[in-house]
Amino acid sequence: MEESLKVANSPVVWIIALTVIGIVIFQGIIFIRMAAKTSQSVGLSKQDVHRALKIGAINAIGPSLGIMVVAVSLITLLGDPLTLMRIGIIGSAATESMGASLAATAYGTELGSSSFNAEAMTTVVWVLCIGGTGWLLFVALFTKSLGKIEAKVSNSEKKNGGVPIMIIVSSAAMLAVFGNLLAGEMFKGYETAIVTVSAAASMGIVSLIANKKPRLKWLHEWSLGLSIIAGLTVSYFTF
């Protein structure tokens, strides 16, 4: 584990990570400038633009803190630069956590274990980076076709009595992936089963509160981080 963290926190990895983050920040600045220039064409004043930017920045604090909670746990396993680069690009702590876990399992080890060496770390990095590349290629190649696909799906939903096909398919896929990971942890022993159920219950409670309170919708982004804290707390007293 120490060997893998030395590689993960090496200067070369830091340079690559900071370069990628710099590109993301540059893109964000360009998009904001383009939006500001075109705001008048849609009837927005400069005051409206400044207000929108302010509201967006404030609303981003809550979800960002939720991601930071998960990022802290990833830092101890994957190092600072890789966590910064992956969370900075994708912004989905759940996706990165799942990808890292699947990569480590495919290599034949587990995150944080004594057998998690430099080669296992390299496997995790390749899996996460290639996994993110697929999204970028899909956007570049199929963005123009998404409108046609959405129209066809919408027409088929109307013919089927308004059944939300896309929602059903995407939800089923996510349930299958996370259910597979969950089942693997549940059968390791009653301790892990208790921790898993506690974490799932805490996420369900947080999601329920967020759904009932419109002002607390940002809690959805906190649900994963809070469930991890709940799971760690229960595991501390269980193991």
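Since every read-out is calculated from the coordinates, none of them should be taken as a lab result. Source: prediction; values computed, not measured. Glycine also receives a Cβ, built like all others from the backbone with ideal geometry; neighbour counts cover every protein chain displayed.
Here are a few things to note about the model shown:
- Pairs of lysine residues in the chain - Cα separation under 26 Å, sequence separation of 8 or more or cross-chain: 12
- In plain terms, the chain from K148 to R51 could stretch by 31.5 nm, reckoned as 0.36 nm per residue minus the Cα-Cα distance.
- Ranked by how many other Cβ atoms sit within 10 Å of their own Cβ, fewest first, the residues S101, S114 fall in the order S114, S101.
- Neighbour counts of other Cβ atoms within 10 Å put E3, E96 in the fewest-to-most order E3, E96.
- One decimal place: the segment L181-Y236 gains 17.7 nm when fully extended, by the rule 0.36 nm per residue minus the C-alpha distance.
- Once the Cβ-Cβ distance of I168 and M98 is raised to the sixth power relative to R0 = 30 Å, the FRET efficiency obtained is 0.90.
- Counting beta carbons within 10 Å around each of H220, H50 and listing the fewest first gives the order H50, H220.
- Alpha carbon centroid spacing (whole Å) that separates the stretch 192-234 from the stretch 92-122: 24 Å
- For the chain, the membrane-span-like helices by this rule, meaning whole DSSP H stretches whose C-alpha atoms cover at least 20 Å of axis and whose Kyte-Doolittle mean is 0.0 or above, are 11-38, 46-78, 93-107, 118-159, 165-186, 190-212, 219-238; this says nothing about an actual membrane.
- Residues L18 and S114, FRET efficiency given R0 of 41 Å [Cβ-Cβ distance, rounded to 0.05]: 0.85
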